[in-house]
1. Using Cα centres only, tell me the gap between the stretch 122-169 and the stretch 277-309 in whole Å.
2. Too long at a 24 Å Cα-Cα cut-off: which of LYS38/LYS192; LYS255/LYS286; LYS244/LYS286?
3. Which one, LEU177, ILE90, LEU162, projects farthest toward the positive side of the charge dipole computed for the stretch 4-209 from Cβ point charges (K/R +1, D/E -1)?
4. Fewest to most neighbouring Cβ within 10 Å: what's the order for MET140, MET190, MET344, MET161?
5. Could you work out how much longer the chain between HIS115 and ARG263 gets when fully extended? Use 0.36 nm per residue separation minus the Cα distance between them, nm to one decimal.
6. Given a Förster distance of 35 angstrom, what is the FRET efficiency for ARG171 paired with ASP312, based on the Cβ-Cβ distance and rounded to 0.05?
7. Quote the charge dipole size of the stretch 250-367 about the Cα centre in Debye, to the nearest 20; the model charges only the Cβ of Lys and Arg (+1) and of Asp and Glu (-1).
8. So if R0 is 25 Å, what FRET efficiency would GLU20 and LYS286 give, r being the distance between their Cβ atoms, rounded to the nearest 0.05?
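Taken together, the values in this text are just the output of simple stated rules run on the coordinates, not laboratory data. It should be emphasised that the depicted structure is a prediction, and the values quoted were computed from it without experimental measurement. FYI the Cβ positions are ideal-geometry reconstructions off the backbone, even for glycines, and counts take in every protein chain you see.
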Amino acid sequence: MTDFTTLGLSENLLRALADEGYTTPTPIQSQAIPELLKGRDLLGIAQTGTGKTAAFALPILDRLAQGRLAQPRRVRALILSPTRELATQIAESFRAYGRHLGHMSIATVFGGVGHRPQEDRLRRGVDVLVATPGRLMDHMEAGAVSLDQTEVFVLDEADQMLDMGFVHAVRRIVKQLPKKRQSLFFSATMPKEIGQLAGDLLTDPVTVAVAPVATTAERVDQLIIHIETSAKRTLLRDIIVEKKPDRALVFTRTKHGADRVVRSLEQDGIAAVAIHGNKSQAQREKALAGFKSGATPILIATDIAARGIDVDGVSHVINFDLPNIPESYVHRIGRTARAGASGMAISFCDGEERAYLRDIEKLTRQKIPAEDRRGTITEAPRSASDDRDERAPRRDGRNGGGRNGRSAAPAPGRAAGAPAGQNRRGGKPGFGKPTGEHAASHARDGRPTERNSRPAKPQNRDTGAAEASLGRVGFLAPSSRPARPAGKTDGRREQR
Ligand code: AMP
């Protein structure tokens, strides 16, 4: 088995890894680090949880440690991240791995906080800048920073950038980079547009594809609990009381749903906080810090807000609502069992979510153990205001006209009992209207910002097309493609 000493990293970095308690490189680290140290470009098909951050941070630090410090207003290595949370975590990783390198300046810029302190920081020059695209463009336009001396460029979570409408901004930023540079590109999936972007950015890249999303969850004990919608809150309370999780991440489909779960737990005397796009940056940071420290071990999150949350020691992931996108299930449960630990994922499944469960089992190619708790919980009455369900119409056409957007009638275009995937593949339901987390604000100039990032038009996430495109540019060996049902159109743009 490889250990870190064989990869060619400097002594100071190896010491930092020992401090972190890392003994064995993850597959993406052992494959990518030696190539990156040689200066090669990289296409990494990998998601959070694979160790990809260290895979790019270590060789970048190794390279930067050998050169001159950053000049004023210049950036030596630029990492673009789709979210503030991920940007913060990447910067924390750089600081941890670079702690024995002497002076190495690491900074973040992202929206939702004041421009001024970031400008002041950029003016002094930064060795490693981790940025979200919208705010970085603001600083570039204001003349606070120039990328003309940037040696290394990393685009992280490129598919998420596409989902959030940042691809145009990314392309504009890339135009400002020197032609001669090292470029690294990471994405969990490879829709066509992302394949094209990778083709434009990278020169003769080495490709590393690690465990497809559907197999990352091997160390997670999974359980489905069939339950009535109305009994979910009581069931959640019972599970928290019974399991006493060290840290539980509870997923709801909507931000209002997240707030309702918090209120309901509080009524039962259980402290919990929610993290989602309606929360201010300060609230989100506070919620995350409390979760990390263990002060508030129950965090209720939506998918987008949770993306990039990298907290070791999540003992339980609880899907209060099952996601209608099966890949989201794998992403969610991958939040537990990090860094070699084991974890537990418990998912509530009401009648309407049964079709989602079928999609998840199809994607993960496994039958998840299930318990039927229907009829076992009598729901205590809650206040009317608490029960008002502002659930937005589902974007996959599954909501009917009934109370709470629920109905037994099949959605238009889908025969009763037809699997959900058929409906998603068949059409482009309701993409146009901005609702949900990312419609919360709109950029003054119409450019997507970190808070306003809905794609302008439906994106073709057909993996068949993506593979054809990748085949053309020759990135992916057939065996290394993430296992996904062919021809699936992503319906990720529901309110999260
Ligand atoms: P990432 O995929 O970069 O988000 O990393 C996922 C988690 O794995 C982070 O908590 C890292 O600290 C941890 N990690 C990364 N590399 C290793 C390693 N070689 N050994 C143990 N833990 C690691």
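1. Here the answer is 24 Å between Cα centres.
2. With Cα atoms farther than 24 Å apart: LYS38/LYS192.
3. So the residue we want is LEU177.
4. In increasing order of surrounding Cβ atoms, one gets MET140, MET344, MET190, MET161.
5. 49.9 nm
6. Once the sixth-power term is evaluated, E becomes 0.50.
7. With only Lys, Arg, Asp and Glu charged at Cβ, the dipole is about 200 debye.
8. FRET efficiency, GLU20 to LYS286: 0.50.
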